[in-house]
Amino acid sequence: MKWSYRIGRWWGIDVYLHSSFGLLLLWVAWQHLAAGDGLGQTLLGLLFTLLLFGCVLLHEYGHALTARRFGIATADITLLPVGGVARLERIPREPWQELLVALAGPAVNVVIAAALLGWLVLTATWQPFGELGVVSGNLAERLFVVNLALIVFNLLPAFPMDGGRVLRALLALRLEYPRATLIAARAGQAMALLFVLAGLLGLSSPFLMAIGVVVWIGARTELHDVRRRTSGLLVHRAMLPEFTVVRPGMTLQETLLAAQQWPDRDLPVVHEGRVVGLLAHPALAAAVARGGGAELVQEHCSERLVAVHPADLLDDVQPYLAATGSATALVVYQGRLLGLLPAARLREFLAAARR
Ligand SMILES: [Zn+2]
């Protein structure tokens, strides 16, 4: 992110601080000085702000480290005055994984809040909420309140909050991914409108309106992202389960006859129960057309194979397949060939899903 500076690297993830964070610290200091506080109080206020962002940072690590358990790397974490952003490499492919990754952030704040509550009770330093102010009151208790606020705010069922992802993941357990995203994003936009209206009419709170705007933009971004990046479709939806298998020692003429049923599909070449190559249909047709019908499959097949899992996302397979230059991926499950995924068919599916 522009205007961000690296402040450290923990658990293998770089953490950046947005420079507007400096403005926030200035604002906090100014609030204290305007309230007539001395230097000690002002420094304490700045410490509180830093601790608050420590909680936000741990929240983001909750997401990042849970995602890592599912094999998803995090590019970096950026702390902004409005909160943190962990840039995950991709969205988890299983809805329940997305659910756990989304919940892990707020769960960190639950743990922090519980620990602070325990501390406040043990040390009998609890004071009534009414005596707390933004810039005054018991530091541990203010952090406790802030963590409660983080939990509630992040679990609002709207993008870009974690609650939006929780909602989408729950919907995606039953619906196709793009559909689940659409519903979750619409719910978020409806809530954003409510916030803006409440801010305008009843509560005339610029804070609510600001949240409304953030939520609205978040919902739009998520919709856009998902359309651009994720069909949510799995390989087994697009694969062709019917195919003809040929042997390396067959002649091209024999192969052409055997392949009549699905004449435009590439042919997996199998030797001793193992796929050892792929005979591209255009290569077969061209060789036979120039009179090479007596030549053997093994002279013409490609040994560069692309194997994919039936539960892989089409979005993930496309760049992989394109990079290998192969026209067809083999769909393999537990060592068994389940079907073929031609690159052209993959592109068609993705284009249809993104429409
Ligand atoms: Zn979060």
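Taking into account only those residues within the stretch 322-355 that are basic (Lys, Arg) and closer than 20 Å to Asp264 by Cβ, which is farthest from the chain's Cα centre (by Cα)? Per the criteria, the residue is Arg345. Only one entry in Ala180, Ala149 is modelled with pLDDT of 75 or more and not assigned by TED's automatic domain parsing to the domain that holds Asn109, namely Ala180. Screening Arg68 against (1) at pLDDT 85 or above; (2) more than 24 Å from Asp316 (Cα to Cα) leaves a single unmet condition, (2).
Considering only residues that are in a strand (DSSP E or B) and modelled with pLDDT under 80, which ones fall in the stretch 307-332? Within the stretch 307-332, Leu313 is the sole residue that qualifies. Under the condition of being in contact with a helix residue (DSSP H, G or I) (Cβ under 7 Å, 6 or more places away or on another chain) and part of a loop (DSSP other than H, G, I, E, B), the residues counted in the stretch 290-306 number 6. Among the residues of the stretch 52-73, those identified as away from the ligand (no atom under 12 Å from the Cβ) and either over 25 Å from Val213 (Cα atoms) or assigned to a strand (DSSP E or B) (or both) are Gly54, Leu65, Arg68, Arg69, Phe70, Gly71, Ile72, Ala73. One residue stands out in the stretch 296-315 among those that are more than 15 Å from Ala329 (Cβ to Cβ) and surrounded by 16 or more Cβ atoms within 10 Å (Cβ to Cβ): the one that is nearest to the chain's Cα centre (by Cα), namely Cys301. Go through the stretch 171-206 and report how many residues are out of contact with any helix residue (DSSP H, G or I) (no Cβ under 7 Å at 6 or more places or on another chain) and either under 17 Å from Ala104 (Cβ atoms) or in a loop (DSSP other than H, G, I, E, B) (or both). So the answer is 7.
Considering the stretch 91-108, and only residues there that are at pLDDT below 90 and part of a helix (DSSP H, G or I), the residue that is nearest to the ligand (Cβ to nearest atom) turns out to be Glu98.
Reported count of residues in the stretch 12-40, each being in a helix (DSSP H, G or I) and either in contact (Cβ under 8 Å) with a residue 24 or more places away in the chain or not assigned by TED's automatic domain parsing to the domain that holds Ala86 (or both), is 8. Would you confirm, using the coordinates I've provided, whether Ala75 is under 12 Å from the mean Cα position of the chain (by Cα) and closer than 15 Å to Asp14 by Cβ? So Ala75 fits the description; yes. Pairs meeting the criteria (first residue in the stretch 43-70 and outside the structural domain of Pro81 (by TED's automatic domain parsing) and over 25 Å from Pro95 (Cβ atoms), second residue within 11 Å of the ligand (Cβ to nearest atom) and modelled with pLDDT of 90 or more, beta carbons under 6 Å, at least 6 apart or on different chains) are lacking. Pairs are defined by a Cβ separation below 6 Å, a sequence spacing of at least 6 or placement on different chains, a first member in the stretch 78-90 that is more than 12 Å from the ligand (Cβ to nearest atom), and a second member that is in a strand (DSSP E or B) and modelled with pLDDT of 80 or more; the pairs so defined are Thr78/Tyr16; Thr78/Val85; Leu79/Leu17; Leu80/His18; Arg87/Ala75; Arg87/Asp76. Among the residues of the stretch 21-69, those identified as aromatic (Phe, Trp, Tyr) and surrounded by 15 or more Cβ atoms within 10 Å (Cβ to Cβ) are Phe21, Phe48, Phe53, Tyr61. For the stretch 271-312, a residue qualifies if it is touching a residue at least 60 places away in the same chain (Cβ under 8 Å) and not small (Gly, Ala, Ser), and the qualifying residues are Val275, Val308, His309, Pro310, Asp312.
The values are calculated or read from the model by the stated rules, or taken from the named source; none is laboratory data. Please read all numbers here as calculations on a predicted model, not as lab measurements. Cβ coordinates were reconstructed from backbone atoms using ideal geometry, including for glycine residues, and neighbour counts include every protein chain displayed.
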